[in-house]
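The values are calculated or read from the model by the stated rules, or taken from the named source; none is laboratory data. Bear in mind the structure is a predicted one, so any value in this text is a computation, not a measurement. Using ideal geometry, Cβ is built from the backbone for each residue, glycine included, and neighbour counts are taken over all protein chains shown. Side chains are part of the model used for accessible areas, which takes the heavy atoms of the whole protein and leaves out ligands, DNA and RNA. Shrake-Rupley method; radii C 1.70, N 1.55, O 1.52, S 1.80 Å.
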Amino acid sequence: MAPGFISIFARTPLLLTTSFGLDKATGKKCYMLGARRLSIAWANTPRYWRWKRVPESRFSEVAELKEVWWLDVKGTIETKILSPNTTYVAYLVYKFSSSRYGFEKKPVDLHVELGESDAGRTFRIFLDPSANIPQFSREREDGWMEVKLGEFFNEHGDDGKATCSLREVDNYTLKKGLIIEGIDIRPKDSR
C-alpha cells in the first residue's frame, strides 16, 4: 500500500488475502487483492506455479511462476465496496526471481473492464523490457514493482464488478520467474 494510507487487514481463517486502507488525504477506499484472491490459470498445478512466503510481502503467500506458455491472471472487485464518484487505477504488484525468462521477449496485455458491457482499453507492454524499450513499471517504496493495468470510474458503486487482467496467451513464448504479490486498486492521483 502506498504511503499516505491507513491500512486495515482482512483475513480468512489462515491466509491474509486482502488489504484495505483509506487514503489519508481524501478518505477514499483502497484495496489490494493478494495473489490468493486472484484467478491465475494453473495456479494450483505445482509444475507451473508455486505458492511461497516472502518476508517483504504483506500477504501470507505470493505466487511464483515456475514455467508456463499461457499466462492469464485476473482480479475482480465489487464496485459497491469502493468509494463512489472516484476514478480508480489498478496496478499489478510484482517482482522477478533471479532466473526469469520470456518477459523481455514478448509483451503482455493489461486490461481493466467495468461491468459486463464495458470493453475497457487494453495496453500492451513488456514487463521486463530491454534497454531500448520504454519502461512502464516502477519500483514502489516497499521494494515491489508496479505496472498500471488500467483505470475505471466508480460512479455510484452499482456497476457490478471491475475486472483487472494480465495476459499473454500466444503459446509460443515460454515464461518463468514472475512473482505476483497482488493487484492494488486505489484512487487515481493518490500518490
Peptides 159-165, 18-24 ordered by average Cβ neighbours within 10 Å, highest first | 159-165, 18-24
Provide the per-residue ³J(HN,Hα) series for region 102-116, in order, calculated from phi with Karplus coefficients 6.51, -1.76, 1.60 and θ = phi - 60°, each as a whole number of Hz, with x at glycine and proline positions.
-> x, 7, 8, 9, 9, x, 10, 9, 10, 7, 10, 9, 10, x, 7
Normalised convex hull volume, region 96-148, alpha-carbon set, Å³ per residue = 114 Å³
So if R0 is 30 Å, what FRET efficiency would residue 99 and residue 155 give, r being the distance between their Cβ atoms, rounded to the nearest 0.05?
-> 0.10
Here the averaged projected area of the chain, based on the convex hull of its alpha-carbon atoms and given in nm², is 10.9 nm²
Quick one: which of 144-152, 120-128 comes out on top by average Cβ neighbours within 10 Å, and what's the full order, highest first?
-> 144-152, 120-128
Distance in Å, no decimals, from the C-alpha centre of region 83-120 to the one of region 21-69 is 13 Å
Which value, to two decimals, describes the C-alpha radius of gyration of region 26-83 once divided by 2.2 N^0.38 Å?
-> 1.35
Roughly to the nearest percent, how much of the accessible area of the chain is carbon and sulfur, given a 1.4 Å probe?
-> 50 percent
Principal axes first, then extents: for the Cα atoms of region 91-191, list largest minus smallest coordinate on each axis, whole Å, largest first.
-> 44, 33, 23
Using a Förster distance of 41 Å, how high is the FRET efficiency between residue 85 and residue 106, based on the Cβ-Cβ distance and rounded to 0.05?
-> 0.60
